[in-house]
Amino acid sequence: MLAAMTTEPERQNGVGTHDGFQRLWTPHRMAYIQGENKPTGPEAGDGCPFCGIPEMTDQDGLVVARGKHVFAVLNLYPYNGGHTMIVPYRHVADYTELDGPETAELADLTKRAMVALRKASGAHGFNIGLNQGSAAGAGIAAHLHQHIVPRWGGDTNFMPVVGHTKVLPQLLADTRQMLADAWPEG
């Protein structure tokens, strides 16, 4: 039998000083904080997750679309719902290492991702960028990846500012399917 809903906050021993705040636990973030899925070195064979994703099914790898030289994949630890990355199949660390066809397809899939995100989620804007090297904030510096983070007017509220928590209203598998369905033909 289900317990009756109450307006009183649940009290739990051992969770710190009672301060009147509700807690939104995000234990999945601990995997990112502790470095889960991070490569052990700079080479493709050092456990690079971007090198392994193309061997997975689209659903298991969270792949939204595949091109000849690059692919679009959801970020496993997103800044916002729909956070997509465009990743070359070839294990390269720096934008200057891309050849002409890779560069062109990275730009094309970026544009197509924007179209799909606008169609699927009504994104008002985007943060798009490459973090080149660990000093620039690249979580996986050895394999280039471009971030496409959809934004909406008013999407920064008290949760990330005060609570240091981002609320994502949809499972990644559902987001992947939604974007794959909205992906424009090339």
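Summarising the amide proton neighbourhood of Phe126: residues at separation of 5 or more, or on other chains, whose placed amide H is nearer than 5 Å comprise Arg151. Amide H contacts of Leu98 (H built 1.01 Å from N, in plane; Pro and chain starts excluded): no residue 5 or more places away or on another chain comes under 5 Å. Three principal axis extents describe the C-alpha atoms of the stretch 100-154; from largest down they are 33, 30, 11 Å. Diagonalising the gyration tensor over the Cα atoms of the stretch 56-154 and scaling each eigenvalue by 5 before taking the square root yields semi-axes of 21, 16, 13 Å, largest first.
All of the numbers you see were taken from the coordinates with simple rules; none came from a lab. The model shown is predicted, which means the values in this text are computed figures rather than measured ones.
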